[in-house]
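See below for the structure under consideration.
The values are calculated or read from the model by the stated rules, or taken from the named source; none is laboratory data. Note that the coordinates shown come from a computational prediction; the quantities given were computed from them, not determined experimentally. Ideal geometry is used to build each Cβ from the backbone, glycine not excepted, and the neighbour counts take in all protein chains shown.
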Amino acid sequence: MSRKVIFATLNETVVFSKRNKQNQKTIMKTVDNFNFSGQKALIRVDFNVPLDADFNVTDDTRMRAALPTINKILADGGAVILMSHLGRPKEGPTDKYSLKHVVNHLSKLLNKPVAFASDCIGDVATSAATALKAGEVLLLENLRFHKQEEKGDVDFAKQLSTLGTYFVNDAFGTAHRAHASTAIIAQFFPNNKCFGYVMSGELASINKVLTDSEKPFTAIMGGAKVSDKILILEQLINKANNIIIGGGMAFTFVKAQGGKIGKSLVEEDKLETALNILADAKAKGVNIYIPVDAIVADNFANDANKQTVDIKAIPDGWMGLDIGPATEKIYAEVIANSKTILWNGPMGVFEMSSFEHGTKAAAEAIVAATKKGAFSLIGGGDSVAAINKYHFGNDVSYVSTGGGALLEYIESGSLPGVDAVEK
Ligand code: AMP
């Protein structure tokens, strides 16, 4: 099933909604709620794209993601002013972080000219925005050339706000930051603010998993460290029926339960936390699955010697770098019986072909469950990288574009960039 099909299904069943504190459904305002004819929409997009040495865009996924929102506003007869950050400039304007490098690429994607303002505030920006006519597109220079952006400065946000008549937030990847352009600016558009399709799609997907999930709901957690995932695990124990654990973080759980883990990755100071998580899950009737076997290596290298062993009896000098075949089988069965799946973090060191089997098997099981009707959301940097490595992007329900934002939304149930638009 393609992502587009699922997205249409989401629309129809009004999952552009989450529950407020009184547990009533609230409907989010999106660009579909407005007609932008004659208006100037100031859209916060995430054009933080990788560039090569010649400043060519090497992965335009984020730019393509913003096109439906831009095109909807242009089709209404509106004008579009795009604002974004690019990289992490520390010292103000820096050529290599200039958004001028993406203008031609954007122009090709939109099939129309794109004007560029060499500053995002001040006379340059104001006159470019004033001159903009219906159907035209203007891209502003990197917001982070001004320190006030990341500080969430109100005056800076106010200056940005004067450029447009509507504020549209379509940058999910930065929605967990209370920056001037992602959150603070929204107060200057009390009635004229909404989400673009990237934001609404992301929020619909995550709310479908967290608040409206069809059961059984299985969360698959992997990656390197338990410490990165504690808050999420604590939240998921209140929502999921099954939690599958893989990757480097599994060994902290194995050791906490008395297993011998050789020289596998471990966080000694999180052994007690791991036991608390297991106890909490047991008390709440949540099944936590820990690997039963592992592929171990004598070295952290693709060509290391390897063998399959019981996860509780890893020989000294060996380290677990992937889940083993018995674990794969158990995990595939749990995934196959799930109606909602959230995947964050690989099952092993999938970057090395010798230790990618477990991650690939989990991805295949998620794809198979999705084909049978489960809703699957893939989020967080490395699981997205894994899904893309195996070309399964169109075979799962939704691939999140914002790792940090997604994880923070699961942890806390809100994001500054979302709250500011919903206020
Ligand atoms: P994270 O960013 O926390 O999702 O971690 C992803 C990283 O964890 C990937 O680069 C994996 O190679 C790494 N990883 C997964 N399993 C293991 C393992 N058993 N030992 C060491 N690193 C691992």
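Rundown of residues vs (1) in a helix (DSSP H, G or I); (2) closer than 16 Å to Asp46 by Cβ; (3) out of contact with any Pro (no Cβ under 8 Å at 6 or more places or on another chain); (4) among the hydroxyl-bearing types (Ser, Thr, Tyr), yes/no style:
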residue	(1), (2), (3), (4)
Leu139	no, yes, yes, no
Glu150	yes, yes, yes, no
Phe156	yes, no, yes, no
Gln159	yes, no, yes, no
Gly173	yes, yes, yes, no
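Count of region 356-415 residues, restricted to those that are within 16 Å of the ligand (Cβ to nearest atom), of a type in the set (Gly, Ala, Ser), in contact (Cβ under 8 Å) with a residue 60 or more places away in the chain and surrounded by 23 or more Cβ atoms within 10 Å (Cβ to Cβ), is 8.
Of the residues screened, Ala157 is not one that is more than 28 Å from the chain's Cα centre (by Cα) and either surrounded by fewer than 18 Cβ atoms within 10 Å (Cβ to Cβ) or at pLDDT 95 or above (or both).
Here region 245-299 is the region considered, the condition is being more than 17 Å from Gly320 (Cα to Cα) and not in a helix (DSSP H, G or I), and the residue that is nearest to the ligand (Cβ to nearest atom) is Ile288. Are any residues in region 219-231 in contact with an Asp or Glu (Cβ under 7 Å, 6 or more places away or on another chain) and either within 11 Å of the ligand (Cβ to nearest atom) or not in a helix (DSSP H, G or I) (or both), and if so, which ones? Scanning region 219-231 gives Gly223, Lys225, Val226, Ser227. Among the residues of region 314-327, are any over 20 Å from His391 (Cα atoms) and among the acidic types (Asp, Glu)? Checked against the condition, which is being over 20 Å from His391 (Cα atoms) and among the acidic types (Asp, Glu), region 314-327 yields at least one hit.
Does region 190-201 contain at least one residue that is without any contact (Cβ under 8 Å) to a residue 40 or more places away in the chain and under 30 Å from Leu42 (Cα atoms)? Among the residues of region 190-201, at least one is without any contact (Cβ under 8 Å) to a residue 40 or more places away in the chain and under 30 Å from Leu42 (Cα atoms), which makes the answer yes.
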